[in-house]
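Trainee: If you scroll down you'll find the structure; I have some questions about it.
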Amino acid sequence: MKEYTICPLTVGANETDQGVMTYLRGYGKRIWIPIYAFLIKGAEEVILVDTGLEQFVVPEHVGREYGLKIQEFEEALEDHGLRPEDIDLIIHTHLHNDHCENDPKCPQAKIVVQKAEYDFFLNPHPIDHRYYPDLLDGLHVELVEGDVSLRDGIDLILTPGHTPGGQSVAVRTSGGRAVITGFCCNALNFPPNAPVVAPGVHTDAIAAFESALKIREMADILIPLHDISIGKLGRIPGV
Ligand SMILES: [Zn+2]
């Protein structure tokens, strides 16, 4: 049985409000959220989940304070002996700009995204300004619809609500099924012994809640897309 490891690459960070992560909770608390790309190791192909930000300004103390190595995309790949041209496959959780800005640097990559997400990205509603519709021009986009078994041990799960076509990525590991959430959130969206908290940003709050509930139930290892603790892990599962 094929098993993979997931290496989180911290390719940017943004300062925001906790309420942007958690609907009706935590408003007024300023936080830094790391922006990740996830390198999936163990496949014949070089696979990334999301590609992060291309340009960002993060004061140096932030990385130090949170124990994060915040790097440019190329630098982060280089640590793994890779260049952007080596990426074969990019799976997108969703197409907010902080998850796909480095795609144009990966001309060989096939970019897998849900059709509902891609349609919204090309023709975004003005309520959401974080879609850049020409960002993927000329790249090799492959659309999927609904839950899809993409590779042996890598499954895509449609988890809409934060955006119209977000997808979570379930990866078989030696520690069980690791799930990268298909929507922006941190650990506070998944309080222990309590219902989940919907993402603070959403196009459908109830769908967003249901999506969070669904993946919490199916995950042995839950990977919230913007949680600080994730970036401190060199690999998932750890050794
Ligand atoms: Zn998002």
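Trainee: Starting from residues that are touching a residue at least 60 places away in the same chain (Cβ under 8 Å), hydroxyl-bearing (Ser, Thr, Tyr) and within 19 Å of residue 183 (Cα to Cα), keep the ones in the range 1-45 and report whichever is surrounded by the most Cβ atoms within 10 Å (Cβ to Cβ).
Mentor: Per the criteria, the residue is 36.
Trainee: Is it the case that the range 113-131 has a residue that's buried (at least 21 other Cβ atoms within 10 Å of the Cβ), polar (S, T, N, Q) and over 22 Å from residue 230 (Cβ atoms)?
Mentor: Yes: the range 113-131 contains one or more residues that are buried (at least 21 other Cβ atoms within 10 Å of the Cβ), polar (S, T, N, Q) and over 22 Å from residue 230 (Cβ atoms).
Trainee: Going through the range 110-143 one residue at a time, which ones are out of contact with any helix residue (DSSP H, G or I) (no Cβ under 7 Å at 6 or more places or on another chain) and more than 16 Å from the ligand (Cβ to nearest atom)?
Mentor: 110, 112, 115, 119, 122, 123, 126, 134, 137, 138, 140, 142
Trainee: Mind listing whichever residues of the range 88-109 are surrounded by 24 or more Cβ atoms within 10 Å (Cβ to Cβ), away from the ligand (no atom under 16 Å from the Cβ) and under 15 Å from residue 55 (Cβ atoms)?
Mentor: Once the filter is applied, which keeps residues that are surrounded by 24 or more Cβ atoms within 10 Å (Cβ to Cβ), away from the ligand (no atom under 16 Å from the Cβ) and under 15 Å from residue 55 (Cβ atoms), the range 88-109 yields nothing.
Trainee: So residue 177 clears everything in (1) closer than 30 Å to residue 30 by Cβ; (2) touching a helix residue (DSSP H, G or I) at 6+ places or on another chain (Cβ under 8 Å) except one condition, right? Which one?
Mentor: (1)
Trainee: Which residue is farthest from residue 170 (Cα to Cα), if the candidates are limited to the range 189-201 and must be of a type outside the set (Gly, Ala, Ser) and crowded, with 17+ Cβ neighbours inside 10 Å?
Mentor: Here the residue is 201.
Trainee: Are any residues in the range 202-223 among the hydrophobic types (A, V, I, L, M, F, W, C) and surrounded by fewer than 21 Cβ atoms within 10 Å (Cβ to Cβ), and if so, which ones?
Mentor: 205, 206, 207, 209, 213, 218, 219, 221
Trainee: Do you know which residues across the range 70-121 are in a loop (DSSP other than H, G, I, E, B) and among the small types (Gly, Ala, Ser)?
Mentor: Within the range 70-121, 81, 109 qualify.
Every number here is computed from the coordinates shown, using simple stated rules; none is lab data. All values derive from a computational prediction rather than experimental measurement. Note: ideal-geometry Cβ built from the backbone for every residue, glycine included; neighbour counts use all protein chains shown.
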